[in-house]
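Q: The structure that follows is given in the form of structure tokens.
Quick note: the coordinates plus some simple rules give every number you see, no bench work behind them. Predicted model only: the values in this text are computed from it and were never measured. Because the Cβ atoms are built from the backbone with ideal geometry, glycine has one as well, and the counts that use them run over all protein chains shown.
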Amino acid sequence: MNNQFGQDAWEAYLTRIEQAEPKIEALGVTDYCSIDEYEKVHEFHTAGRLPDVGLIFPNIELRLPTATKNDHPVNIHLLVSPEDPNHVEEARRFLRTLKFSAGRESYVCDPADLIRLGKAHDSSIKDDDAALAAGTNLFKVSLDNLKHSLDESAWAQQNIIIGAAAGSTDGTSGVRDDGGSLEAVRVEIERLARVIFASSPAQRTFWLGEGVLSADELTTRYDGRKVCLHGSDAHKLDRVGKPDGDRYTWIKGDATFESLRQACLEPKERAIVGEQPQKGALDYRVIERIVVSDADWMATPEIELAPGLVAIIGARGSGKTALADLIAAGAGAASTNESDQTFLQRARRHLAGSKVELTWADGETSDTELPPNFSFDHDVPRVQYLSQQFVERLCSSEGITDELLAEIERVIFEAHLYEDRLGASSFRELLDLRASHGRDLRRFAQNEMEDLAEQIETERVAGDELPGLKKEQVRLTALLAEDKRARGGLVVVGGEARAQRLEAVNGAVVAKQAEVDALKRRDKSLSDLADAIKDVTDRRLPAIRVELERDYASAGLTTTEWQNFNLRFTGDPASIVEQRLTALRQATGELVGPALPKPTKPAHELPPYVADDVDLATGTLNVLRAEAWRLSELIGLDANKQRQLQTLNDKIAKTEAALVSLNASIKQAEGASDRVKALMLKRKHAYASLFDGFAQEQEQLEAMYSPLRQMLGEESGTLGKLTFSVKRVVDIEAWAKQGEALLDLRTGEFRGHGELLNQVREKLLPAWESGASAEVAEAMARFRDEHDQHFIQQAKAPRADKQAFRKWADGIASWLNDTAHISIKYGVQYDGVEIEQLSPGTRGIVLLLLYLAVDRSDDRPLIVDQPEENLDPKSIFDELVGRFVETRRRRQIIIVTHNANLVVNTDADQVIVANASAHRPGALPEITYTTGGLENPTIRNEVCEILEGGQHAFEERARRLRIRLA
């Protein structure tokens, strides 16, 4: 039928197959209604031709009576297993059950009947070959006939896979009509087929249930998913091994017909049509071979490893974990923790002198002397090894461990794009970088709160002293009046006019002295200000720039650029202060006046130092003092009375100066209440700023989780139940205990231990845990307003002891302003329950899912020792199977397992069966490893015998996927 090879083309045909690139390892030989050509190829193969072809099988093409829109009959294929030694005869017997009726005759699918059909159709045909061609062209098998024959033949059910062409010329895509009446016919053909001959990605997507219809919808409509295959369909030599568009069919597994059956079971994982087969991890991340040398206990010293999912199985004590340990050791990941009961730890004394070497798919090797002695200070292991001990530690029932948190943080960090990591190498480092602004806000606010607390306490002390100040004001006023009366009593009788003048001059002296004292106080303040300006300029401002340069060194600014951050006053305050000091000192000098020479004449011979008609306020202090001396001499005061007068003058001057200062203090104290209110408002705003800092840190933690949260949002199942929360954690017990230490708990509002805690829990905790900054500040302000007097009433220091009470007040302020009991924490929840409250089994599955589904940046080989520990079979099937299948597409996975689901339903690429010999005294037992795929009957039998539920797992998978197993 359409033979364009020419005569005697067998040699050229076989040569083309042998020289094909890429190499042909499985060959389906197609012929219409016959396996004659297959027999010829099989004979050549038996005679030594096609040495690289591991599988040759018949592909019998039949025609259905249904026509395409191009008026071509639809083709259907019988792919026959060659495993049965009698498969040729059995296939012929099955073909003879297929019938075609023409006229009043019935013909079976057999060369003799096909020749008879050809001659009956055209009596002019005499040649049997021509009649065979004509009869084959006429023969059509009905769908009902084919289905009935399959149902009636146990051999056919076991050895034949039905394939249907998907093309529009002679395939099901061509079965169309405008009314849609042929659709049911097309669907029935495709329901019967397990294989669809199609090469387009769109067809594969559809038949995998990833297109218009889901996998469940495919099952309902078409009896399950279908595997898409494509051949060269060569009718002439130059097409042999050259499919259209280089769309080769790649089957994963040994070159056996059983691999084709497995491809029907796992169409997505086992078969691909394309120029190259699908690859998982990069070559340098794939372990290709392990060799253990100088180890008499290793009966299988060299083992090839598949690049996808490798399952190590065996009875207990058979050497399963030993192989996992050896592979991990070769990659630098073996445990050196003596408490870990791994094979390498338990067998240390038997391993000396042995060596394990790994060959990677890129040709590199890595080796390790046994027993291993690794230091992980600088070397990152080339595999990720989840030993039983490691998982048990991470999932211990004692609660969430630092190690588990570290692993979760690592996964979160790895979920960030490299360009978003700010150059950080760990979760904590990135968090510190991103949270620094919020933490700075808190630090600045805390410093401001401390300053405000000091100011508030100062103002409160000032307010408390107001009654005493007023009392002192009354005393000094009375004292001043008394001293002035005493001074008037020193005047001699008859000198009243001069005494009055002396009184006026003495008053002027006192007033002038007060002016001078005020200027000197300003002089002292300006001098101190000049010193402060110098300190700020020379020390404090440069220190701020140095601190900025230190804290933001990673900004990458040059030394020259940092010079622009030098802080300075906008003007020249030192010059301004100096000018003010100069002017002030000049004014002081003018008030004091030049020193007068000591008089050389008696007072009655001296003219007045200040004329009677001159305003005394214009005189200098020295002149006024001299005039006071002259007048006292004229009045006739003796030396003793002059000393008394001078003493009284000095005392009156000091009292008046004290009254001036006291009046200023009273005025200041009278305004303290308003200033305290203003300062308390500032303190409230500063407290809110503290929580703005917390909010900033929370926001950054939320941002840290966003890549992972987005990833989890796309997940279902267990991962869909996994959430991360960022929240404020408040240790109110510690804060209340700190407060109780400052209070006398024998009486008052907070009497007895625990009452303060109750009030804090009710009035502050809700705002602390979840309130916005303004809400927290308001809650704290209300708490202070309500309880400030209660705190004072229960103070441990007596108010009479001002120093002790001030120290106690500082302690109360520090306690109320403190936020050390509040921290930002993140939590991991599964289905709303904190991960530390989960059972070890559930924690284990969450951890595994993090590695399998979330940790997508780690492409190192993943070795897991018995991931099913503590897990129920349903969780394994529902959660882990699909994840292992998904993950092996991007990284090599090696699992040690007792669970059939993790081997069968993941369709493991390679199964390694471990067996250990009987105990050898003083030595390790000999360990043998047998390898193969699930398509290998020997391996499959081992799976069924070793793994609990193995046979059931095979049968369930076959039932679920509508496939009959051999």
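Q: Compute the length gained on full extension between THR169 and ARG485: take 0.36 nm times their separation in residues and subtract their Cα-Cα distance, giving the result in nm to one decimal. Please report the intermediate quantities before stating the final value.
A: Numbers: separation 316, 0.36 × 316 = 113.76 nm, distance 13.55 nm.
Working it through step by step, the gained length comes to 100.2 nm.
Q: Using only Cα atoms, find the angle between the long axis of helix 402-414 and the longest principal axis of the chain, and express it within 0 to 90 degrees, rounded to the nearest 10.
A: It is inclined by approximately 80 degrees.
Q: Just subtract the alpha-carbon distance of LYS598 and ASP144 from 0.36 nm times their residue separation and send over the number in nm, one decimal. Kindly include the intermediate steps, with their values, before the conclusion.
A: Values: separation 454, 0.36 × 454 = 163.44 nm, distance 14.79 nm.
Stretched out fully, the LYS598 to ASP144 stretch lengthens by 148.7 nm.
Q: Right, another one. Going 7 Å from the Cα of ALA574 in the Cα-to-Cβ direction, what parts of region 528-544 have a backbone nitrogen less than 12 Å from that spot?
A: Backbone N within reach: 530-539.
Q: Can you tell me how region 82-154 classifies by the Cα gyration tensor, rounded, prolate or oblate, using a/c under 1.5 as the rounded cut? Before the final figure, lay out the partial values.
A: Working: a/c = 3.29, a/b = 1.60, b/c = 2.06.
Note, shape of region 82-154 comes out oblate.
Q: Another one. Using a Förster radius of 30 Å, what is the FRET efficiency between VAL461 and ASP818 based on their Cβ-Cβ separation? Nearest 0.05, please.
A: Values: r = 22 Å, r/R0 = 0.73.
FRET efficiency, VAL461 to ASP818: 0.85.
Q: Separation between the HIS437 and THR46 pseudo-spin-labels, each 7 Å from Cα along Cα→Cβ, expressed in nm?
A: Here the modelled spin labels are 8.1 nm apart.
Q: While we're on this one: Grab the Cα-Cα distance for GLU515 and ALA9, subtract it from 0.36 nm times how many residues apart they are, and report the gain in nm with one decimal. Walk me through the intermediate numbers first.
A: Working: separation 506, 0.36 × 506 = 182.16 nm, distance 13.08 nm.
Here the segment from GLU515 to ALA9 would lengthen by 169.1 nm.
Q: Could I have the simple spin-label model distance between GLU364 and HIS919, label points 7 Å from Cα toward Cβ, reported in nm to one decimal?
A: Between GLU364 and HIS919, the simple spin-label model gives 4.3 nm.
Q: Just checking my list (i) 32.1; (ii) 38.6; (iii) 33.0 against Kirkwood radius over Cα pairs in Å computed from this structure; which label fits?
A: Label of the calculated value: (ii).
Q: Which residues does the label zone of LEU237 cover in region 1-43, counting backbone N under 13 Å from a point 7 Å along Cα→Cβ?
A: Zone members listed by number: 4-17.
Q: Next up: For GLU188 and THR723, what does the FRET efficiency come to when R0 = 60 Å and r is the distance between their Cβ atoms, rounded to the nearest 0.05? Write out the running numbers ahead of the final one.
A: Working: r = 47 Å, r/R0 = 0.79.
Approximately 0.80, to the nearest 0.05.
Q: Mind checking the dipole of region 459-673: about its Cα centre, +1 per Lys or Arg Cβ, -1 per Asp or Glu Cβ, Debye to the nearest 20? Before the final figure, lay out the partial values.
A: Values: 31 positive and 32 negative charges, 114 e Å.
Dipole magnitude for region 459-673 comes out near 540 debye.
Q: Relative contact order for the chain using alpha-carbon pairs under 8 Å, separation at least 6, rounded to a whole percent? Let's see the in-between values first.
A: Details: 1434 pairs, mean separation 140.8, N = 966.
With pairs under 8 Å counted, the relative contact order is 15 percent.
Q: For a protection proxy built on the mean count of beta-carbon atoms within 10 angstrom, sort 919-925, 842-848, 239-245 highest first, please. Walk me through the intermediate numbers first.
A: Values: 919-925: 11.3, 842-848: 22.6, 239-245: 15.4.
Output ranking for 919-925, 842-848, 239-245: 842-848, 239-245, 919-925.
Q: Moving to a separate point now. So what's the gap between the Cα centers of region 180-245 and region 1-72, to the nearest angstrom?
A: Using only Cα atoms, the two centres lie 21 Å from each other.
Q: Calculate how steeply helix 573-592 sits against the longest principal axis of the alpha-carbon atoms of the chain, using the helix alpha-carbon long axis, and give the answer as 0 to 90 degrees to the nearest 10.
A: 10
Q: Assuming R0 = 22 Å, what is the FRET efficiency of LEU529 and GLN563, from their Cβ-Cβ distance, to the nearest 0.05? Display every interim value, and only then the final one.
A: Values: r = 28 Å, r/R0 = 1.26.
Plugging the Cβ-Cβ distance into 1/(1 + (r/R0)^6) gives 0.20.
Q: What distance in nm lies between label points placed 7 Å from Cα along the C-beta direction at GLN951 and LEU282?
A: 4.7
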